[in-house]
There are 2 protein chains.
Amino acid sequence: MEVKRVAALRAFATDKMKKVSLFETRRFFCDLYCFEPGQVQKGHVHQGEDKVYFVLEGRGRFTVGREEAELCAMEATVAPAGVEHGVLNGGPGRLVVLVFMAPHPSPKG
Amino acid sequence: MEVKRVAALRAFATDKMKKVSLFETRRFFCDLYCFEPGQVQKGHVHQGEDKVYFVLEGRGRFTVGREEAELCAMEATVAPAGVEHGVLNGGPGRLVVLVFMAPHPSPKG
């Protein structure tokens with residue numbers, strides 16, 4: 001049984017937002033995205049995958065399509081396939097986001 | 001842009017565990033499962049879908065296959081397709097779990 005103690009898995013990098021894999025199967029992946037103040041996930045599009053962003057800690061500015069929203073802990077949004085999306089941690093604190101994507105864009109095996 | 005303020009969406013029922021839908025597409029669903037003390041999600045199997053359980057609040061006993069683990073807030077596990085899984089809130093507090101399943105077992109449209 002695969003158990004993840006997520007608080008202990010948070011990890012940050014000075015150069016860019018850090019991704020930490022929690023679970024992945026051929027059907028989905030679930031990651032932590034850990035942002036220092038000022039770090040971003042630049043706007044991008046997945047043609048065939050949907051993504052959920054669920055904020056665990058801190059506060060960030062999320063863009064989905066032409067809309068933006070400031071989300072804090074226990075707030076979430078979804079970026080459907082084909083819709084541009086990105087994240088900015090405008091600071092001053094760290095931002096930790098739980099990310100689900102389905103299907104897995106590059107499944108193993 | 002679909003935003004969910006999850007803390008405000010928690011909902012409990014006296015007769016059984018309450019499911020609250022957060023997001024769904026044809027590729028996945030994301031729900032809250034809200035358990036009063038003593039409530040369960042009985043053991044069951046999905047033949048073609050994987051499920052993540054991510055504890056947001058409280059503490060519960062999770063079973064995946066033949067293994068069990070007590071998980072509390074910020075702890076998570078995965079139930080792969082074909083593996084029996086279930087949850088018990090042994091109390092004394094409430095248990096709130098974020099659930100992600102992919103693919104959606106009964107997609108709309």
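Values in this text are rule-based calculations from the coordinates and carry no lab data. A quick note: this is a predicted structure, and the numbers were derived from the prediction, not measured. FYI the Cβ positions are ideal-geometry reconstructions off the backbone, even for glycines, and counts take in every protein chain you see.
Provide an ascending nm list, one decimal, of label-point separations from A:Gly90 to the equivalent residue in each further copy; define each label point as 7 Å from Cα along Cα→Cβ.
Relative to the other copies, A:Gly90 has label-point distances of 4.6 nm.
Near the axis that takes chain A to chain B, which A residue has its beta carbon closest, and at how many Å?
Here the nearest residue and distance are A:Ala102, 2.
List the distances, in nm and shortest first, from the label point of A:Ala7 to the matching label points in every other copy, placing each point 7 Å from Cα along the Cα-to-Cβ direction.
Label-point distances to the other copies, shortest first: 1.6 nm.
Compute the projected area of the convex hull of the Cα atoms of region B:6-102, averaged over all viewing directions, and report it in nm² to one decimal place.
5.8 nm²
Which distance in nm do the two modelled labels at A:Phe12 and B:Ser106 give, with both placed 7 Å along the Cα-to-Cβ direction?
For A:Phe12 paired with B:Ser106, the spin-label model returns 4.5 nm.
Given an 8 Å cut-off on Cα distances and at least 6 residues of separation, report the relative contact order of chain A as a percent.
Details: 278 pairs, mean separation 36.9, N = 109.
In percent, rounded to a whole number, it is 34.
Excluding B:Glu57 itself, calculate the net charge of residues whose Cβ lies under 14 Å from the Cβ of B:Glu57, where each Lys or Arg counts +1 and each Asp or Glu counts -1.
Working: positive: B:Arg10, B:Lys18, B:Arg59, B:Arg94; negative: B:Glu36, B:Glu75.
Local charge sum for B:Glu57: +2.
Starting from the coordinates of the alpha-carbon atoms of the protein assembly as shown, obtain the Kirkwood hydrodynamic radius over all distinct pairs and give the value in Å to one decimal. Could the numbers behind the result be given before it?
Numbers: mean 1/r = 0.0571 Å⁻¹.
Evaluated over the protein assembly as shown, this radius sits at 17.5 Å.
Could you please state, rounded to a whole Å, how far the C-alpha centre of region A:21-36 is from the C-alpha centre of region B:1-77?
Taking the Cα centre of each part, region A:21-36 and region B:1-77 sit 18 Å apart.
Please sort A:10-19, B:58-67 by packing, taking for each peptide the average over its residues of neighbouring beta carbons within 10 angstrom, highest first.
On the way: A:10-19: 13.1, B:58-67: 17.4.
Packing proxy ranking, top to bottom: B:58-67, A:10-19.
Going 7 Å from the Cα of B:Ala73 along its beta-carbon direction, which residues of region B:11-37 have the amide nitrogen within less than 20 Å of the resulting point?
Once the point is set 7 Å along Cα→Cβ of B:Ala73, B:11-13, B:18, B:20, B:31-37 turn out to lie under 20 Å by backbone N, inside region B:11-37.
Once R0 is set to 41 Å, what does the formula 1/(1 + (r/R0)^6) return for the Cβ-Cβ distance between A:Glu84 and B:Arg66, expressed as a FRET efficiency to the nearest 0.05?
Values: r = 44 Å, r/R0 = 1.07.
FRET efficiency, A:Glu84 to B:Arg66: 0.40.
For A:His104, place a label point 7 Å from Cα along the Cα-to-Cβ direction in every copy; what are the distances to the other copies, in nm, shortest first?
Taking the point 7 Å beyond Cα along Cα→Cβ, the inter-copy spacings are 2.2 nm.
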